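Every number here is computed from the coordinates shown, using simple stated rules; none is lab data. What you see is a predicted model, and the numbers here were worked out from it, not measured in a lab. Every residue, glycine among them, receives a Cβ derived from its backbone with ideal geometry; neighbour counts consider all protein chains shown.
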Amino acid sequence: MSLKTPVLLVAATALLTACGTATTATTARTDATVTIPSDRFLPVISQSVTGGTVTFRNADADAHTVTSLPGAAVAFDLVIPAGGTRTLKLDAAGAYRYYCRFHAHYDPKTDQVAANPGADHPDEPMAGVIVAARNG
C-alpha cells in the first residue's frame, strides 16, 4: 500500500475544509483542467466549485477513463480517447476520488487504488481527487 493515497486524501480533506472560509470561497476557481500526459493525472488534486466543470484532456497515445470509486455518492465513468477531451460537472460539494480503470484497479479490502502491471508508472496508481467546494 502506497503512502501517497492517504496523503492525498488528507490534503484533499484539508483543502475541502479550507474552502468553507469566506476568502477561499471567493477565490475558488469555477472550472478546472486535468491533463493526462501518460498514465497519470496532473494535477492529482483539482479544485472546482459546485456547478463548475472539470475538463480532462488526454495528451497520451492511449485511451484512459475517469472512473469514480465503487459506491461513490456520484458515479461517473468517462472514456477519453487518445487526444480527446471530456468534461465532468459536479453539482454537490465533496471530495471525489477517481482512477483510470484501464491502467489501475480499486481494492475494496484496502479502499486503495493500485497501478495495473504494465502501467507506465507501476509504483504510482493512475488516480486523482476532485475537491468541489460550495459556490458562494
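Would you tally the net charge around A115, using a Cβ to Cβ cut-off of less than 10 Å, leaving A115 out, and scoring K and R as +1, D and E as -1? Each step should come with its number before you reach the end.
Details: positive: R40; negative: D39, D120, D123, E124.
It works out to a net charge of -3.
Within the stretch 30-136, what percent of beta bridges assigned by DSSP are antiparallel, to the nearest 5? In the stretch 30-136, approximately 70 percent of DSSP beta bridges are antiparallel ones.
Around V79, what is the net charge, scoring Lys/Arg as +1 and Asp/Glu as -1 over all other residues with Cβ under 15 Å from its Cβ?
On the way: positive: R57, R86, R101; negative: D60, D62, D77.
Net of charged neighbours comes to 0.
Please list 58-66, 87-95, 116-124 highest first by mean number of surrounding beta-carbon atoms within 10 Å per residue.
On the way: 58-66: 18.2, 87-95: 14.9, 116-124: 12.6.
Order by mean packing, descending: 58-66, 87-95, 116-124.
Could you give the alpha-carbon Rg of the stretch 38-115 over 2.2 N^0.38 Å, rounded to two decimals? That works out to 1.08 for the stretch 38-115. Residue exposure proxy: S68, S46, S38, ordered by other Cβ atoms within 10 angstrom of their Cβ from fewest to most, comes out as S38, S68, S46.
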